Structures are given as structure tokens and as C-alpha cells.
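Visitor: Please see the structure below; I have some questions.
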Amino acid sequence: MAETYDVIVIGAGIMGCSTAYQLARRGLKVAVLEKETPGAGSSGKSSAIIRQHYSNEVTARMALHSLRVFQNFKEEVGGESGFTQAGFFVLTPAKDIEGLKANVALQQSVGIKTELVPREEIKKLWPHLEVGDLVAAAYEPESGYADPSLTVNSYAEAARRHGARIYQDTPVTGVRMAGGKVVGVDTPKGAFDAGAVVNCAGPWGARVAAMVGVEVPINPCRVQVAFFRRPSGYKEEHPVVADFVYGVYWRSETGALTLVGLIDPEEANDVVDPDAYQEQLDRDFVLEVGERLVRRFPAMERSESTGGYAALYAITPDWHPVIDEAILGSGFYLCAGFSGHGFKLGPAVGLMTADMVTGQETPGMERRMFRLSRYAENDPVRGRYEYSIVG
Ligand SMILES: Cc1cc2nc3c(=O)[nH]c(=O)nc-3n(C[C@H](O)[C@H](O)[C@H](O)COP(=O)(O)OP(=O)(O)OC[C@H]3O[C@@H](n4cnc5c(N)ncnc54)[C@H](O)[C@@H]3O)c2cc1C
């Protein structure tokens, strides 16, 4: 006999677990089916930077809502997220200064604590940045980063406390439909029945959507992260930096390490098989990001490279997710394609996805901009910079 649920969530990353938590809180009987373990996809390997710099009102509100959850995680969700308020700088080339100003104004208008800091003032906030090429920076004192595995597991635990079941080592191999409506899913452990199924499969999102014949433009793309041990005199925690001039982001990691990744639209071209890709770091990558880091944080000239890893982004054409019912009235929902910036939005996305399944909408967090049809309508989400990959 198949087990019967109100909702089946496919994938136990941040999106699946946050969605399951929000649905279970509403009294629905929820099962999360995960092919490996919670956080085994992008979420557990995320840099988990929690910032609020976005170009659109809805995404800015989602980031702010989520930040408040990370700041009060124990009360809001329960357990730990490892959120560290380190402060966050956005550095843009001089040509993008108008975009930066407009973004800061938009973010302030929705209540985000952010300010435009002129070049001369930046070093007062953190003295070790090289600022000669900048006009100004945006600075968010409340932003920082979280511990990604801890956060996902806390969400999974919170969902369980509200009655959800999380099945690990349970890959969904098929989605069953009858009369245009979803009726359940198949797994090697047996069938599960439900009138609603949410695809939170991240980089596998297009494969899972294909199980109901829906094409979603989500590509699994290989990205890398490298670690550098800071030299003596620089061991203390430093702010998070998103440097659009050199196309690189960095934050502190435990053990006096600095974690570095690229901000590069070209990463969308490295499409891989999500079940068989090179998980080790490329040597060239270390040299490349190390050089970019040193240009902005010169003391890192004396740092030591300590490895890193490769992981997956689930990239869509506009680097924004699809949060939508795949086929109207089918009960098969999409919540995937968060590209390189979904982690910080996880708390808001759980709320929005639960709203979608239960036919509600939270004011200020409208899903329309994330509809699947925007690609066919040539109405993608747009940002304010030359490349809008950070939203
Ligand atoms: C290196 C790196 C750095 C990042 N840095 C940041 C950052 O600083 N800030 C930020 O906000 N975002 C960041 N991101 C992006 C962010 O981590 C992702 O957008 C987010 O984690 C996506 O979560 P998800 O739940 O959609 O996907 P995932 O975490 O990938 O979860 C999908 C899950 O579905 C499971 N699954 C797939 N197919 C099936 C199936 N058929 N049956 C059952 N289960 C299945 C997978 O095993 C997986 O656990 C980063 C990502 C990476 C890779």
C-alpha cells in the first residue's frame, strides 16, 4: 500500500526543508523525499552569504524577511543556523555607480539597512581593502553568512517537529498523473500518494520536471570555491565582500580561513551531469581567485592556499528561480533554479512556496516575477548591472 500525504516535496535542500516546515506548520501532512541526505545538493556546499543587495523590490523584501529569520533563528525556526553578522560590502566598477545608487535607494525603501559609502570612508569601516579604483561602496552592517548544513538540518528538524516525514536515500524515479492531476510519485522504496508534489530538486530540477513532460530551463553548472589561510596579523574575522570589479566574492570561514568564489556569468557555460562531475578543485581556479583576492585585500599575498571544492549551481537564463505551478491545475509545483544566490532567500521561499500550494499569497512576496512563462514571454527578471547574476 502506498503511503498517502497531502504534499510530497522532492529534495531536502534549503528550499525543500523550508517549504516542508511551512506546509507542516499549516497542518498539512508532508513527506520530503531526498535521494541522498538533507543538504547533499547545492545547499550543503553553499557559501551561504546572507546579504540583501538586490535590484528588485520583491527579491529585496525576500532577502530582508529571510535575514530577520536568520537573526532570530532559534525563536523563528528552532535550532541553529550559525548566522554570523560580519557586515557586507558591494564593490562595483565606476561605470555601475548609478546602478549601485539606485539599488541602495530601492533597498532602503523596503527597510533594508544599507548605505552608500564614499571611497574616502570605506577604510574607516575596514582598513584592509584596496579602494583606489572605487567611487563608492554599498555597505550592509547587518549582513553576514550562515552555516549551510546546520541551517538545512535545523529546517528539517523543525519540519519533523510539526509532523513532516523526511525520507533520505529515497530518489523519486517517476511522477504519476491521472486526468491531468498529480496523484503521487514512485521510488525504489515504493509508491507515495499525494495530490500535490513540489519539485525542490535544485540542479536536478529540470530532470524532475521532465517526469511530467514539462521543460524548465535549469542547467546544472559546476562552480568552485577555494580557501586561503590568512597570515598572522589578519586572523580576526573580516567582512563579506562582493567585488564586481574583479568578479569575486569572499567571506571568513572558521580556522582563520577566507572562502573565495567567482561572480562570473561564464559559470553558466559549465553545464555538467549533476551525478558525475569533477568535484575536485582546478589548480587554475586557485591561482585565478587568489590573484583577484590579493588585488583587493593585499595582505593575502602572504596567505596559504588550503584547497576547496566544486559544487553545482542550478542556473536559469535570468539567474532567478521558477516558483510556479508547472501546469495550471495539475498540483505539480516548481521551486527550483536558484542559480548562485538562493540560500539567503530560503526562509522567504519556504513561505512563498507553501502559499502557492495552499492558494495564498503573502503581501510583498508575490510570485509573479518567478512564473515559468516569463521566458517564453521574453520578460525575464532584470537587474541593474551589466550582468545581473546576483539579482
Ligand atoms: C558553491 C556555492 C556557493 C553558493 N553561495 C551562495 C551564497 O553565498 N549565498 C546564497 O544565497 N546562495 C549561494 N549559493 C546558492 C544556494 O546554495 C542555492 O541556490 C540553494 O542552496 C539551492 O537550494 P535547493 O534546495 O534549491 O537545491 P539543493 O540544495 O541542490 O537541493 C536539491 C535536493 O534535491 C535532491 N534531489 C534531486 N533529485 C532528486 C530526486 N529525483 N529524488 C529525490 N531527491 C532529489 C538532491 O539530492 C538535493 O539534496 C551557492 C551555491 C553553491 C553551489
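FYI, it's all coordinate maths here, none of it is from the lab. For clarity, every value in this text was computed on a predicted model and none was experimentally measured. FYI the Cβ positions are ideal-geometry reconstructions off the backbone, even for glycines, and counts take in every protein chain you see.
Visitor: Place +1 on the Cβ of every Lys and Arg and -1 on the Cβ of every Asp and Glu in the chain, take the dipole about the Cα centre, and give the residue among Leu125, Pro93, Tyr375 whose Cα lies farthest towards its positive end.
Guide: Comparing the listed Cα positions along the dipole, Leu125 ranks first.
Visitor: Top mean-square fluctuation among Leu372, Leu134, Leu351, Gaussian network model of the chain, C-alpha springs under 10 Å?
Guide: Leu134
Visitor: Given a cut-off of 27 Å, name the pairs among Lys113/Lys344; Lys181/Lys344; Lys29/Lys74; Lys101/Lys124; Lys35/Lys181 whose C-alpha atoms lie farther apart than that in the structure shown. Present the calculation step by step, with values, prior to reporting the outcome.
Guide: On the way: Lys113/Lys344 16 Å; Lys181/Lys344 32 Å; Lys29/Lys74 24 Å; Lys101/Lys124 20 Å; Lys35/Lys181 24 Å.
Checking Cα-Cα distances, Lys181/Lys344 exceed 27 Å.
Visitor: Okay, next question. Pull out the extension gain between Arg165 and Asp379, defined as 0.36 nm times the separation in residues minus the alpha carbon to alpha carbon distance; nm, one decimal. Don't skip to the end; give the middle numbers.
Guide: Numbers: separation 214, 0.36 × 214 = 77.04 nm, distance 3.79 nm.
Answer, rounded to one decimal: 73.3 nm.
Visitor: Most mobile of Gly350, Gly255, Gly16 per a Gaussian network model of the chain (Cα springs, under 10 Å)?
Guide: Maximum among the listed residues: Gly255.
Visitor: A further question on this structure: Could you go through the stretch 265-272 in sequence order and give the Karplus-derived ³J(HN,Hα) for each residue, using 6.51 cos²θ - 1.76 cosθ + 1.60 with θ = phi - 60°, rounded to whole Hz, and x for Gly and Pro?
Guide: Using θ = phi - 60°, the values come out as x, 5, 4, 5, 8, 8, 6, 10 Hz.
Visitor: Could you compute the net charge surrounding Leu257? Neighbours are other residues with a C-beta less than 12 Å from the C-beta of Leu257; K and R count +1, D and E count -1.
Guide: Working: positive: Arg229, Arg230, Lys235, Arg251; negative: Glu237, Glu253, Glu304.
Value of the local net charge: +1.
Visitor: How far apart, in nm, are the 7 Å Cα→Cβ label points at Asn269 and Glu75?
Guide: 4.9
Visitor: Calculate how steeply helix 14-25 sits against the longest principal axis of the alpha-carbon atoms of the chain, using the helix alpha-carbon long axis, and give the answer as 0 to 90 degrees to the nearest 10.
Guide: 50
Visitor: Determine the dipole magnitude for the chain: charges of +1 sit on the beta-carbon of Lys and Arg, -1 on that of Asp and Glu, nothing else is charged, the reference point is the Cα centre, and the result goes in debye to the nearest 20. Each step should come with its number before you reach the end.
Guide: Values: 39 positive and 49 negative charges, 155 e Å.
So the magnitude is around 740 debye.
Visitor: Quick one: 3J(HN,Hα) in Hz for the stretch 344-356, Karplus 6.51/-1.76/1.60 with θ = phi - 60°, rounded, Gly and Pro as x.
Guide: My calculation for the stretch 344-356 gives 4, 8, x, x, 5, 5, x, 5, 5, 6, 5, 4, 4 Hz in order.
Visitor: Figure the gain on full extension for Arg283 and Arg295 (residue separation times 0.36 nm, minus the Cα-Cα span) and round it to one decimal in nm.
Guide: 2.4 nm
Visitor: Once the other residues with Cβ under 14 Å from the Cβ of Lys35 are scored (Lys, Arg +1; Asp, Glu -1), what is the net sum? Working shown, then result.
Guide: Values: positive: Lys189, Arg207; negative: Glu34, Glu36, Asp169, Asp186, Asp275.
Summing Lys/Arg as +1 and Asp/Glu as -1 gives -3.
Visitor: Further, regarding this structure: Rounded, prolate or oblate: which fits the chain when a ≥ b ≥ c are the square roots of the eigenvalues of the alpha-carbon gyration tensor, with rounded for a/c under 1.5 and prolate only if a/b beats b/c? All intermediate terms of the calculation are to be shown ahead of the outcome.
Guide: Working: a/c = 1.84, a/b = 1.67, b/c = 1.10.
Since a/c reaches 1.5 and a/b is larger than b/c, the shape of the chain is classed as prolate.
Visitor: Connecting C-alpha atoms closer than 10 Å in a GNM of the chain, tell me which of Ser109, Ser47, Ser232 has the biggest fluctuation.
Guide: Top of the fluctuation ranking is Ser232.
Visitor: Pull out the extension gain between Ala276 and Thr306, defined as 0.36 nm times the separation in residues minus the alpha carbon to alpha carbon distance; nm, one decimal. List each step's numbers first, then the result.
Guide: Details: separation 30, 0.36 × 30 = 10.80 nm, distance 2.42 nm.
Once the chain is fully extended between Ala276 and Thr306, it gains 8.4 nm.
Visitor: If I take every Cα pair under 8 Å that is 6 or more residues apart in the chain, average their sequence separation and divide by the length, what percent do I get for the relative contact order?
Guide: RCO, the chain: 23 percent.
Visitor: Kindly put Ile263, Ile218 in sequence by how many other C-beta atoms sit within 10 Å of each C-beta, fewest to most. Intermediate values should be presented prior to the final figure.
Guide: Values: Ile263 18, Ile218 28.
Least crowded to most crowded, the residues run Ile263, Ile218.
Visitor: Amide H neighbours of Val183 under 5 Å, at least 5 residues apart or on other chains, H built in the peptide plane: list them.
Guide: The list, which skips near neighbours in sequence, is Arg176, Met177, Ala178.
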